[in-house]
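Beneath this line is the structure, given in structure tokens, with notes to follow.
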Amino acid sequence: MDYDRIFSNAIADIKDEGRYRVFMDIERKNGEFPNAVWHTENGEKDIVVWCSNDYLGMGQHPDVVQAMKDAIDKVGTGSGGTRNISGTHHYHVMLENELADLHDKESALLFTSGYISNEASISTIAKLMPGCIIYSDELNHASMINGVLGGRCEKRIFRHNNVEHLEELIAADDPNTPKIILFESVYSMDGDFAPIEEFCDLADKYNAMTYMDEVHAVGMYGQRGGGVAEERGLMGRVDIIEGTLGKAFGLMGGYIAAKQNIVDCVRSFASSFIFTTSLSPAIVAGALASVRHLKKSTAEREIHQERATALKSKMREADLPVMPSASHIVPVLVGDPVICKQASDMLLEDYGIYVQPINFPTVPRGTERLRFAPNPLHNDEMMDHLIKSLKEVWQKLDIDKYSSAA
């Protein structure tokens, strides 16, 4: 058996499809974000990052940086173990309390990533409810899909944001069966919002639980950064809210917020929580400072929304195929995986613009795109340079023939 050939053939296949992922070696400049340095075989090059999920630049906020430094000076670096074995620090407790308050819930629970928080929570909750049926939006994140698979229960996939299709599926099932509706508040590749209120209405009508992923919305929407549910006054209607510390809050980690008994069950039964070393106290201290700051300050959110609106407007004026998006996500359609990668490479190498190509399986084949994430620190000069560069790359690669056919 030629084991190496198995793996080399697998890599060759995705390279042939034009969706082989290359990790760029970049170094952010503290205090100068979104400026960064790209490390290449030929030396270093200054670039501007246009695809970071550090949506508000909180990863370099002075309060966050100082909080992490202070925590290291006070307690050192690592956590020392799982939450059960010496790994629960006072910083963890404070942040969980802060997050529960942010979402107006009884309790919250930290995880090492947003992916793990979804996978662990969904699978655990489903297993604890005999006969459970999960209703999942077809565009839900991979972490939610794996949570559903881990739950080993019946599942129904409803068409994206389609309230009528969801009701058809629920109405066809036994009314006495436990049910969970899974959806995201903001879908990160298209930038559209879920019909949260309508989903909650169905949950009330058919006695189902609601589980909402707010990872691309926490910190970004609502008076205190509680997400789309806060902005729409719906936090009390969503049973379980899942969020991340790795995007708008600028650090890493994930969490859920819900009633005490739900959180306690996940804490007590989820293997990937129980047996995982907890987040470093320094990271948690930084996240705590970030959450507290964004609860009080709306300036970052207001500027961010203005910047996203400005970029979309500039792209439309330049006749670039910016996809419809009501949120802060700015996707630009290419429609071919190979060309999408070429465009990304050309922007980086020739123009100092870093934006990653988004190909299958993240998005459906034929809808490959460049996904831009403007933040409050992208100024007009950066935007104008981006638009000029995109127009030149579009012309050089004749991208219109691919995007128009998609």
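Anything in the range 188-203 that is part of a loop (DSSP other than H, G, I, E, B) and either at pLDDT below 95 or among the acidic types (D, E) (or both)? List them, or say none.
At the first step, the residues of the range 188-203 found to be part of a loop (DSSP other than H, G, I, E, B) are 188-192, 194-195.
Passing the criteria: S188, M189, D190, G191, D192.
Just one of F269, F249, F275 is under 20 Å from R224 (Cα atoms), in contact (Cβ under 8 Å) with a residue 24 or more places away in the chain and not polar (S, T, N, Q); which is it?
Details: F269 fails: under 20 Å from R224 (Cα atoms); F275 fails: under 20 Å from R224 (Cα atoms).
F249 is the lone residue from the list that is under 20 Å from R224 (Cα atoms), in contact (Cβ under 8 Å) with a residue 24 or more places away in the chain and not polar (S, T, N, Q).
Quick check on my filter: what residues within the range 1-44 are of a type in the set (A, V, I, L, M, F, W, C), out of contact with any helix residue (DSSP H, G or I) (no Cβ under 8 Å at 6 or more places or on another chain) and in a strand (DSSP E or B)?
If we filter the range 1-44 for residues that are of a type in the set (A, V, I, L, M, F, W, C), which is where we start, we get 1, 6-7, 10-12, 14, 22-24, 26, 33, 36-38.
So of that shortlist, the ones also out of contact with any helix residue (DSSP H, G or I) (no Cβ under 8 Å at 6 or more places or on another chain) come out as 1, 6-7, 10-12, 14, 22-23, 26, 36-37.
Those that are of a type in the set (A, V, I, L, M, F, W, C), out of contact with any helix residue (DSSP H, G or I) (no Cβ under 8 Å at 6 or more places or on another chain) and in a strand (DSSP E or B): I26, A36, V37.
Any residue at all in the range 355-362 that's at negative phi and at pLDDT 95 or above? Talk me through it step by step, then tell me what you get.
Keep residues of the range 355-362 that are at negative phi, which gives 355-362.
Cutting the leftovers down to at pLDDT 95 or above gives us 355.
Yes, the range 355-362 has at least one match.
Condition first: modelled with pLDDT under 90 and surrounded by 19 or more Cβ atoms within 10 Å (Cβ to Cβ). Now tell me which residues in the range 364-406 satisfy that.
Answer for the range 364-406, where residues must be modelled with pLDDT under 90 and surrounded by 19 or more Cβ atoms within 10 Å (Cβ to Cβ): Y402, S403.
On the basis of being over 21 Å from G243 (Cα atoms), of a type outside the set (S, T, N, Q), touching a Pro at 6+ places or on another chain (Cβ under 9 Å) and in contact (Cβ under 8 Å) with a residue 12 or more places away in the chain, does G81 make the cut? Walk me through how you get there before you give the answer.
Values: over 21 Å from G243 (Cα atoms): yes; of a type outside the set (S, T, N, Q): yes; touching a Pro at 6+ places or on another chain (Cβ under 9 Å): no; in contact (Cβ under 8 Å) with a residue 12 or more places away in the chain: yes.
It is false that G81 is over 21 Å from G243 (Cα atoms), of a type outside the set (S, T, N, Q), touching a Pro at 6+ places or on another chain (Cβ under 9 Å) and in contact (Cβ under 8 Å) with a residue 12 or more places away in the chain.
Between a first residue in the range 34-49 that is farther than 20 Å from H385 by Cβ and a second residue that is not in a strand (DSSP E or B), which pairs have beta carbons less than 6 Å apart while being 6 or more apart in sequence or on different chains?
Between residues of the range 34-49 that are farther than 20 Å from H385 by Cβ and residues that are not in a strand (DSSP E or B), the close pairs are H39/D25.
Could you identify the single residue in G18, G31, G57 that is at pLDDT 95 or above and open to solvent by less than 80 Å² (accessible area, probe 1.4 Å)? Write out each step before concluding.
On the way: G18 fails: at pLDDT 95 or above; G31 fails: at pLDDT 95 or above.
Matching residue, one of G18, G31, G57: G57.
Filter the range 220-261 down to the residues that are closer than 17 Å to I122 by Cβ, surrounded by fewer than 24 Cβ atoms within 10 Å (Cβ to Cβ) and among the aliphatic types (A, V, I, L, M) and list them by number.
Kept after step one, since they are closer than 17 Å to I122 by Cβ, are these residues of the range 220-261: 238-244, 254-259, 261.
Right, trim to surrounded by fewer than 24 Cβ atoms within 10 Å (Cβ to Cβ) and you get 239-240, 259, 261.
Scanning the range 220-261 gives a single hit, I240.
Give the residue that is modelled with the highest pLDDT, with candidates limited to residues of the range 174-187 that are part of a loop (DSSP other than H, G, I, E, B) and within 24 Å of V363 (Cα to Cα).
Step one: of the range 174-187, the residues part of a loop (DSSP other than H, G, I, E, B) are 174-178, 185, 187.
Now drop any that are not within 24 Å of V363 (Cα to Cα), which leaves 185, 187.
Details: S185: 98, Y187: 95.
Within the range 174-187, the match that is modelled with the highest pLDDT is S185.
Pull up the range 188-219, narrow it to residues that are charged (D, E, K, R) and within 22 Å of L128 (Cα to Cα), then point me to the one that is surrounded by the most Cβ atoms within 10 Å (Cβ to Cβ). Quick ask: steps written out before the conclusion?
Just the residues of the range 188-219 that are charged (D, E, K, R), to begin with: 190, 192, 197-198, 201, 204-205, 213-214.
Then keep just the ones that are within 22 Å of L128 (Cα to Cα); that gives 204, 213.
Details: D204: 11, D213: 32.
Ranking the candidates gives D213 first.
Of (1) over 28 Å from L294 (Cβ atoms); (2) at pLDDT 95 or above; (3) open to solvent by less than 60 Å² (accessible area, probe 1.4 Å), V37 satisfies all except one. Which?
The failed condition is (1).
The values are calculated or read from the model by the stated rules, or taken from the named source; none is laboratory data. Note that this is a predicted model, so its numbers are computed, not measured. In this analysis, Cβ positions are derived from the backbone assuming ideal geometry, glycine residues included, and neighbour counts consider all displayed protein chains. The area values use the complete protein model at the heavy-atom level, side chains included, leaving out ligands, DNA and RNA. Shrake-Rupley method; radii C 1.70, N 1.55, O 1.52, S 1.80 Å.
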